[in-house]
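The numbers here are math on the coordinates, done by the rules we state, and not lab data. Since the structure is predicted, the reported quantities are computational estimates derived from the model, not experimental observations. Glycine also receives a Cβ, built like all others from the backbone with ideal geometry; neighbour counts cover every protein chain displayed.
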Amino acid sequence: MPRVVRIKLEKIQRDFLWGGRALEQKPHLVRWSIVCSDKRSGGLGVKSLGAFNRGLLGKWVWHFENERKALWNQVIRGKYGEERGGWRSCESREAYGFGLRKARSKMGHQVTPFVGFVVGDGEKVKFWKDKWCETIPLSEAFPSLFVLASNKEAWVNEVWTAEGEWGGSWNPCFNRPFNNWELEEVERLFCCLEGKKVRGDEEDTVKWMASKDGDFSMKSLYRTMQLGQGNPFRVEGFFCGKEKEGGVAIGTVMLVLGYLEG
């Protein structure tokens, strides 16, 4: 909702809670942010309209990527084009770029612990930088190997070779041969990759790591924002992609979300 509407609605909430105009000009003994906190945290459990609105916008971002066959989704992608890759929008240089960056700034700048990936064909997930093999990216789990990686921006399908007795194998490339004391770390990496493989007949998908079934949970998103951890649905980090082949469909979506967020 627009910011001016949210402010008016929150004023109505506060006036009702404080007894209307009689206490309106008097100092309030409890901050509104505490009033909106969860009851288990000492608050009254009043919904924060700002956090709730951002959560709803995050839900639409989730639907945009997970409902690719929906008519409204196809219309947007068909009209404005789609980035090669698909999750993260590149920096826009178009006339609407300022509005797009503003929307990104409000909704976050990087992937949070709540968003992970399930690898299918491996064309949309980065081998080192995205969270698909562990609860953290491989670049953080194996920092010493990441420093030696030849291509730190490699996609999962680029590191996978679909040949061999087991249907394929992992072949990450490094800048130099390993020293003896580095072999243990390499072994740990391949143990981590064991059982993982690229499935060319399936697309990569996103999962919501805060729920057991991997589906988006508005409840967990709202609770996290209320705990002061920021918005776990960070748009710029959530959408990633390779170089643009056409227009930026997600740019238009972010413009609308940025306006609605106020």
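Near SER37, once Lys and Arg are set to +1 and Asp and Glu to -1 for all other residues with Cβ below 12 Å from its Cβ, the sum equals +4.
Annotation note: chymotrypsin sites (Phe, Trp or Tyr not before Pro) in the range 138-183 located in DSSP loop regions with a Cβ neighbour count of at most 12 within 10 Å are TRP166. On the beta carbon distance between LYS212 and TRP181, with R0 = 45 Å, the FRET formula returns roughly 0.70.
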